[in-house]
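Every read-out reported here was derived from the displayed coordinates using simple, explicitly stated rules and does not represent laboratory data. Everything numeric here is computed off the predicted structure, so don't read it as measured data. Positions of Cβ are backbone-derived with ideal geometry, glycine not excepted, and every protein chain shown enters the neighbour counts.
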């Protein structure tokens, strides 16, 4: 399959003549699957937001329990102490038979399982959790638990590194960099799943007001567990085993394997997604509006470091390999172009050059890099990324059908111009399998289940709504229309949300034969702060989280905001 | 059985869909049962009942106006999710002083969340009357006083209109986790399961994109 075609088009409106913020990129450009699937992390990504808070508020970390037997069975507890509250990661190690190890939703056992506990667990809490957490979805947790997760060892790396340490040798940094993690999570649950605390009960706390902050904190603590689990395995092999060097630990993150389960999130939370994307686009617009080149040297250094990051990004997937190679070439040309900043509006000028000359991966990496040196201008936007979705739920029944049609034309043009009579336009259907409720993607007509499809049929529904509304008087109220056409209720709600939240809707048909679910996954994961996207198929991807981030004991001693891009060669240790 | 509010909403939404209602009303059903649970009220029996009746053909999503402008069912009796949606969609009429009236409705307890929302949307306090029971809500949608509403099978009539004085409701967190009735919950789960597709070898191998074993 050919690599993604490059979109080299000038999307930006002409530059304003004064110092006003640069125009924001429109949703018709930003919310395309191909571009969402090319997003990179930014300083507004949730992991970055978390680490800035941990540093700013002086969070302290310690391990309050570590009781694992030589085979790895047992419990460990890691405590995070904030200015007002403490949280504890309770980790259960397991001696997992290799034939049972799988990342699929249909797994029943894992190398390790976790909860993030609200406070400090008693022995009774730990006993209760021990009965339930290793079972994951088959167990129950309570409102005192905030996050639940599980992780498996990297088969490539874990045992090899343990062996090396047992033999008295640190592993080679290069070997670790190939994988980037010792363990990878295969699900990280929050928001009330399986009995966990509902988001509403914790989002009043400043540390959890932002999206996914509890999940990110849990993963950050899991990272420490992976080092301890490894060191423990090494010591079980030999009492004189070394502990993994902290500098090597820092170069490792937590892996994650994500499949179709995550894809519907971008569709089921339109107002929330709008907040994330709007914050990101606002940040880009602010960076582009900066009139001087005072921070150009910083930018050039970041660009050089980004080129190192890309050079170390190796995947097996042919499509992504080609994209990475192209990204590398694009960054070379970007470096040439950026050598001297333009005299007027240099940041905007560079972005516009990028629109015309770089592929999508390059454009989006440039966007991330333009934002990066401007923390003082954009970091406040992190506080605008949460959303009270309940407040967005009500339908405005008073809206007229002519206003509804206007909204459809303004925000769903991609749907209105699709010919759904063509089989390719409805080639896929999203469904949930009876088998452990695993989300799957089917080929319509080739396999059963299409009539039970999940509500990702937005484009088709929007087109049908437009036709039905056009057949009614324009002054009719939506309220009366819906009484006669109850099956349009969901799409009417979406259209009204999109009218208030321009970045709410993915501007592509999710049923199309050429749709790549991985674009949805990467869009969301980039907002988390993931790096090293490693596709295993068009609907399954591995990533790394917190790779390069300071270790908990380093918070406050090293910069907690400068870990995404590897240091330049001269600064590199070992 | 104790569940999070998120679980209650998600399972209920799937169940309403599984009973054959459109996704838009399924969303409403999920939010309604969730709101009631957050107020400490277990509405699973009410919901399971209306889903049974939908599945048996005794309830539908149709809604009409009769000669007096009251909402009625084209069949026998109104579905509360359908009526509740219509009330909220017409909330602007409440602010204009109009009364929203309906005929017979099943399981009126499920209308309470919609009445609360209609109050909030209209920006005015609201008097909700179903049969012989009345609940008042303040302009923010908070119930005035304790939420005591008997879960009766049917109400002969329903009205919503702006309440005559500006009351202040009880501001609750709305985060309770009531102990839900097991048989009703299991019925809801059974309806929810209808939204799943039976597994097959083909589906297991190809549907998720990770092969049978994903390992590194």
Q) Taking only Cα atoms, what is the 0 to 90° angle, nearest 10, from helix A:346-357's long axis to the longest principal axis of chain A? A) 80
Q.
How large is the translational diffusion coefficient of segment B:57-187 in µm² per second when you combine the Kirkwood radius over alpha carbon pairs with Stokes-Einstein at 20 °C and 1.002 mPa s?
A. 142
(Q) Angle check, please: helix A:213-237 long axis (alpha carbons) against the longest principal axis of chain A (alpha carbons), in degrees 0 to 90, nearest 10. (A) 30
Q) Against the longest principal axis of chain A, how steep is helix A:270-289, in degrees 0 to 90 to the nearest 10, with axes from Cα atoms? A) 90
**Q.** Residues residue A:204 and residue B:76, FRET efficiency given R0 of 30 Å [Cβ-Cβ distance, rounded to 0.05]
**A.** 0.10
Q: Ratio to report: Rg/Rh of segment B:143-188, with Cα atoms as the point set and Rh obtained by the Kirkwood method; give two decimals.
A: 1.06
Q: Please report A:147, B:197 as a ranked list, fewest other C-beta atoms within 10 angstrom at the top and most at the bottom.
A: B:197, A:147
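Of all alpha-carbon pairs in chain A, indicate the percentage at a distance above 31 angstrom.
51
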Q. Which residues in segment B:1-34 have a backbone N closer than 11 Å to a point placed 7 Å from the Cα of residue B:189 along the Cα-to-Cβ line?
A. B:1-2
Q. Taking every DSSP beta bridge that has both residues in the protein assembly as shown, what percent is antiparallel when rounded to the nearest 5?
A. 90
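Would you please give the FRET efficiency between residue A:319 and residue A:451, computed as 1/(1 + (r/R0)^6) with r the Cβ-Cβ distance and R0 = 22 Å, to the nearest 0.05?
Details: r = 32 Å, r/R0 = 1.47.
In this case the efficiency is close to 0.10.
Among DSSP beta bridges lying fully in chain B, give the percent that are antiparallel, nearest 5.
Once the DSSP bridges in chain B are tallied, antiparallel ones form about 90 percent.
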Q: Quick one: order B:149, B:193 by neighbouring beta-carbon count within 10 Å, fewest to most.
A: B:193, B:149
(Q) From the helices alone, meaning DSSP H stretches of at least four residues, give me the mean residue ellipticity at 222 nm for chain A, per-run term -39500 (n - 2.57), in deg cm²/dmol to the nearest 500. (A) -11500 deg cm²/dmol
Q. Quick one: if the Förster radius is 30 Å, what FRET efficiency do residue A:69 and residue A:444 give, using the C-beta to C-beta distance and rounding to 0.05?
A. 0.05
(Q) Once each part is reduced to its C-alpha centroid, what is the distance from segment A:164-216 to segment A:236-310 in angstrom? (A) 14
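May I ask you to give the average projected area over all directions of the convex hull of the Cα atoms of segment B:66-138, in nm² rounded to one decimal?
4.6
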Q: Over the whole of A:429-436, what's the average partner chain Cβ count within 10 Å per residue? Rounded to a whole number, please.
A: 5
Q) What residue among B:42, B:76, B:68 has the largest mean-square fluctuation in a Gaussian network model of chain B, using Cα springs under 10 Å? A) B:68
Q) Contour minus end-to-end for residue A:135 and residue A:356, with contour as 0.36 nm per residue of separation and end-to-end as the Cα-Cα distance? A) 74.4 nm
Q) Looking only at segment A:467-511, which residues have a backbone nitrogen under 20 Å from a spot 7 Å from the Cα of residue A:391 in the C-beta direction? A) A:493-505
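Please arrange A:360, A:272 by counting, for each residue, the other beta carbons lying within 10 Å of its beta carbon, fewest first.
Numbers: A:360 23, A:272 20.
Ranked by crowding around the Cβ, least crowded first: A:272, A:360.
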Q: Using a 10 Å cut-off on Cβ atoms, rank the peptides A:120-127, B:33-40, A:135-142, A:370-377 from the highest mean neighbour count down.
A: B:33-40, A:370-377, A:135-142, A:120-127
Q: Within a 10 angstrom radius of each residue's Cβ in A:476-483, how many Cβ atoms of other chains show up on average? Whole number is fine.
A: 5
Q: Mind checking A:447-453 for the average number of partner chain beta-carbons within 10 Å of each residue's beta-carbon?
A: 4
